[in-house]
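Bear in mind these aren't lab numbers, they're just calculated from the coordinates by the rules spelled out. It should be emphasised that the depicted structure is a prediction, and the values quoted were computed from it without experimental measurement. Quick reminder, even Gly has a Cβ in these numbers, built from the backbone with ideal geometry, and neighbours come from all protein chains shown.
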There are 2 protein chains.
Amino acid sequence: MVSYLALTLRILEELIGSAPLQRVRVRLWDGSYWPDNAPASFVATWVLNHPGALREMLLPNSQSALGEAYLQNDFDVEGDMEAAFELADIIRAQTEGWSKKLKMAHLLRQLPPRPAAGEQPSLRRAAFADAQHSPSRDQSAIQFHYDLSNDFYALWLDSRKIYSCAYFQNATDDLESAQLHKLDTICRKLDLRPGQRLLDIGCGWGGLILHAASRYGVRATGITLSERQAEYAWEQVCKAGLQDRVEVLLQDYRALEGCEAYDAVVSVGMVEHVGRKNLPLYFGTVNRLLKPGGVFLNHGIGTGPVPNPQQGTSFIDEYVFPDADLFPLSEMLGPAEAAGFEIRDVENLREHYALTLRHWVRQLEARHGEALNFISEPVYRTWRVYMAGSAHQFNLGLLAVYQTLLAKLSPGGAANVPLTRAAWYQPVDGR
Amino acid sequence: MVSYLALTLRILEELIGSAPLQRVRVRLWDGSYWPDNAPASFVATWVLNHPGALREMLLPNSQSALGEAYLQNDFDVEGDMEAAFELADIIRAQTEGWSKKLKMAHLLRQLPPRPAAGEQPSLRRAAFADAQHSPSRDQSAIQFHYDLSNDFYALWLDSRKIYSCAYFQNATDDLESAQLHKLDTICRKLDLRPGQRLLDIGCGWGGLILHAASRYGVRATGITLSERQAEYAWEQVCKAGLQDRVEVLLQDYRALEGCEAYDAVVSVGMVEHVGRKNLPLYFGTVNRLLKPGGVFLNHGIGTGPVPNPQQGTSFIDEYVFPDADLFPLSEMLGPAEAAGFEIRDVENLREHYALTLRHWVRQLEARHGEALNFISEPVYRTWRVYMAGSAHQFNLGLLAVYQTLLAKLSPGGAANVPLTRAAWYQPVDGR
């Protein structure tokens, strides 16, 4: 009988032997490395924790298998998690095609299954019964992710708990200043003035409404479907003494009533949860709520122009962002224009999201032990792998993030936008 | 028999009597005004030149009737031509609906036809036999507009003969500096560096390639289908002594061969002539020509979110821009993304085009007499009415102009774009 070590090495050779592996190496359960002579440039190590590791990672006919094997600790990643995706990409590319798959399956089946000894960790998986993007299911999907644990998020987000792409004036900026810069850039793009009414759809832990109210003097309404976010945001409002001009509501955007109530509307990192079929309703609702001439800044992730093999995989849907729906920018802008919006400005911030996610991953890894006070090891791994994988995809251009400024024109064609964007880039003291 | 004067006044009352006419009045052929007491704010006068004027303007069942009546001098406009469109809009709105049309037609038929006396000016109208957006017909359509007369265009364009939307740092900037600022903004967005190769599709009279070559040191290729533009642009290249690094070709974008030949591609005011069905070919061609990581700045007019009653009217197609095709931005970006482009930046410059067109119209009106050395009175009127009407539509948001920066990603996801747009807004000495 061939040894499991020899078989594992043979599979690695078949899969990766010819690929230009630069930054990743593999360590087997006996402490040996593959390849023997790893390049000096390696920054990440895949650790196969038992003889059945590759079988669990690659044999199940499921798009989530590799991710689930990581959550189950069949393998681990030491070092740079983002770089480790290079190896995943190679494996994915090498196992395309039916005959290659068949040959691999034959080898993988000769490896043993995961050791039964010990307790398997239970995985936190989303599963909903009602119709996708119904208000009730959307609430469940949002709470699955954002109600995980405020303490957990606090470990690795910036002090304002901004859970979306920061804006770096230089790539070396720290996360704290880049998030503040992002908040301020949004307020500038919205051209906020004291006394104006601002609606924030998907307000998270309240960072933007607090900034807009305290620095720009607006009356702000934030809505979210996450109970933990709403509670936390309201605490922050009270701490800042802004109860007279900021409100936080646990509410679906579809439940917003009224007409022409707001001077400006903003939505940061929420449109990903809306779903393609509801885009007309989403943009139509915001258009109705805006005063004529008012502007809507919609900030969200879209897919890039490069065909994305990971697109539509079930791992993100099952374990991270259930029901999230990403698509190209043009498919976002069509319903926006159809709802009556004029497109005023679009900025692609994908390099900023790669930088942001790297900060989050590094901080999460640094707080691993503390994180386990609030969440399980598989959940820690879920967030680690999803955030590093997203950084990888933003870096390659498989994902993008678009900040889009839309205007609801007044009957005479006026919109509250400046003649040029120059003012958005003027330094302002004290911010 | 009711007098033509009384009948004309009755029609005006029926059509416009209830509308809030602020800036326009009407003068009849006998020198009398309607309304008697024009508001103090009037800035334009419609002059009905004969008793049959309204009949010629409103009775023919053709979308071009009103425009043709202006070309034929059945009526004239004194004062602010752009403001005069307020009255055209009111007439259009008031004559919607079958019963209203029928009632109006009954009245209009009682007016006499245009006086037969004198020679009718012949109108310069486009008519082509071959298939729309075939290379041969596109060449004819382009030459219909742009080969009109270099001397005519020189009368009212800026000194560089830039025939597209300028970029005003302040609304009070003069046209000369705003066009220079536009050229420089485009070069900045393209991040041009000495020695790079730039392709300008639809290079007009050469202003942009000359600026890019002289100020940014690029090697530039300009293509156009207009013989007069190509001749003029090449003369300018020779005058500037830039023959070693600028070439001008009389060529269709579809005839461009090669792969990965250019660091940057730009197209300003050309995509309007491409036609919706050819957008995949257009973006696909540019994508092929660009080096990986290279950027494409596509600048062109699109339709706004407001339903546009003028959209698709035949006057522009017959007399001004045959075969031009305008549509919402989302319909432009879909084929761009499908061709492999990542959308990096979009800026809507419609207020700038309204300002630009006002400069052109004012200058054209000031050079009316000189213009008739090069073109006929009906052609003068054609350009006056199309440009003022376009300013009106940009002002209302019926039209927009989008400067879109697209990137062809390198295999690793890199694109030649800066981390932020701040550098585009830094003052640079000497430019």
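So what's the gap between the Cα centers of segment A:395-412 and segment B:38-60, to the nearest angstrom?
Segment A:395-412 and segment B:38-60 have Cα centres spaced 43 Å from each other.
For segment B:4-108, count all C-alpha to C-alpha pairs, find those more than 23 Å apart, and express that count as a whole percent of the total. Could you put the intermediate results ahead of the total?
Details: 959 of 5460 pairs.
Above the 23 Å cut-off, segment B:4-108 has 18 percent of its Cα pairs.
Would you give the gap between the C-alpha center of segment B:97-112 and the C-alpha center of segment A:221-258, rounded to a whole Å?
Comparing the Cα centres of segment B:97-112 and segment A:221-258, I get a distance of 59 Å.
Run the label-point distances for A:A422 please: 7 Å along Cα to Cβ, every other copy, nanometres, shortest first.
Spacings between copies for this position, smallest first, are 1.8 nm.
Mind listing the long-range amide H neighbours of A:G222? Cut-off is under 5 Å, sequence gap 5 or more, other chains count too, H placed in the peptide plane at 1.01 Å from N.
It is A:D200, A:E247, A:V248, A:L249, by chain and number.
Once the convex hull of the alpha carbons of the protein assembly as shown is built, what does its volume come to per residue, in cubic angstrom?
Considering the Cα atoms of the protein assembly as shown, their hull volume per residue is 198 Å³.
Can you tell me, using C-alpha contacts under 8 Å and at least 6 residues apart, the relative contact order of chain A as a whole percent? Each step should come with its number before you reach the end.
On the way: 752 pairs, mean separation 68.8, N = 431.
Rounded, it is 16 percent for chain A.
Put a point 7 Å out from Cα along the line to Cβ at A:R276; what are the distances to that point in the other copies, in nm, shortest first?
2.0
Could you work out the local net charge near B:E342, counting Lys and Arg as +1, Asp and Glu as -1, over the other residues with Cβ closer than 12 Å to its Cβ?
Values: positive: A:R350, B:R344, B:K408; negative: A:E351, B:E337, B:D345.
Net of charged neighbours comes to 0.
Among the trypsin sites (Lys or Arg not before Pro) within segment B:175-268, which fall in a DSSP loop and have no more than 10 other Cβ atoms within 10 Å of their own Cβ?
For trypsin sites (Lys or Arg not before Pro) across segment B:175-268 that sit outside H, G, I, E and B with at most 10 neighbouring Cβ atoms in 10 Å, the list is empty.
I want to check the label-to-label distance for A:S136 and B:S62. Put each point 7 Å from Cα in the C-beta direction and report it in nm to one decimal.
6.3
Under the 0.36 nm per residue contour assumption, what length would be gained going from the current alpha-carbon distance of B:S3 and B:D147 to full extension?
Difference between extended and current length: 47.2 nm.
At a Cα cut-off below 21 Å, give the lysines reachable from B:K291, other chains included and same-chain residues fewer than 8 away excluded.
Here the lysines satisfying the reach criterion relative to B:K291 are B:K189, B:K408.
Once you place label points 7 Å from the Cα toward the Cβ at A:Q110 and A:E78, how far apart are they in nm?
2.8
I want the local charge near B:K291. Using Cβ-Cβ distances under 9 Å, sum +1 for each Lys or Arg and -1 for each Asp or Glu among the other residues.
That works out to 0.
Under a crude label model (7 Å from the Cα following the beta-carbon direction), how far is A:R367 from B:A129 in nanometres?
7.7
Kindly list the residues of segment A:5-22 that lie in the label zone of A:S99, defined by a backbone N under 12 Å from the point 7 Å along the Cα-to-C-beta vector.
The answer is none, because no backbone nitrogen lies closer than 12 Å to the label point.
Given the -39500 (n - 2.57) contribution per DSSP H run of 4+ residues, what per-residue ellipticity at 222 nm results for the protein assembly as shown, rounded to the nearest 500 deg cm²/dmol?
-12000 deg cm²/dmol
Assigning unit charges at the beta carbon (Lys, Arg +1; Asp, Glu -1) and nothing else, what dipole magnitude in debye, to the nearest 20, does segment B:4-108 show about its Cα centre?
On the way: 9 positive and 14 negative charges, 78 e Å.
Dipole about the Cα centre, nearest 20: 380 debye.
On C-alpha positions alone, give me the angle between the axis of helix B:4-16 and the longest principal axis of chain B, in degrees, nearest 10.
Helix B:4-16 and the main axis of chain B meet at about 50 degrees.
Just name one of A:I301, A:A240, A:A264: the one whose Cα is farthest towards the positive end of the charge dipole of segment A:148-303 (beta-carbon charges, Lys/Arg +1, Asp/Glu -1).
A:A264
Rounded if a/c is under 1.5, else prolate if a/b beats b/c, else oblate: with a ≥ b ≥ c from the C-alpha gyration tensor eigenvalues square-rooted, which is segment B:199-300?
oblate
What's the local net charge at A:S64, with K and R +1, D and E -1, over the other residues with C-beta under 11 Å away?
Net of charged neighbours comes to -2.
What is the order of B:S226, B:S64, A:S410, fewest Cβ neighbours within 10 Å to most?
Numbers: B:S226 23, B:S64 18, A:S410 15.
With the sparsest Cβ surroundings first, the list reads A:S410, B:S64, B:S226.
Taking the C-alpha atoms of segment B:135-425, how large are the radius of gyration and the largest Cα-Cα span, Dmax, in Å?
18.1, 59
Rounded to the nearest 10 degrees, what's the angle between the helix B:227-239 long axis and the longest principal axis of chain B, both from Cα atoms, 0 to 90?
Around 50 degrees separate the two axes.
Once the label point is set 7 Å along the Cα-to-beta-carbon vector, what list of distances in nm do you get between B:P135 and its counterparts in the other copies?
5.9
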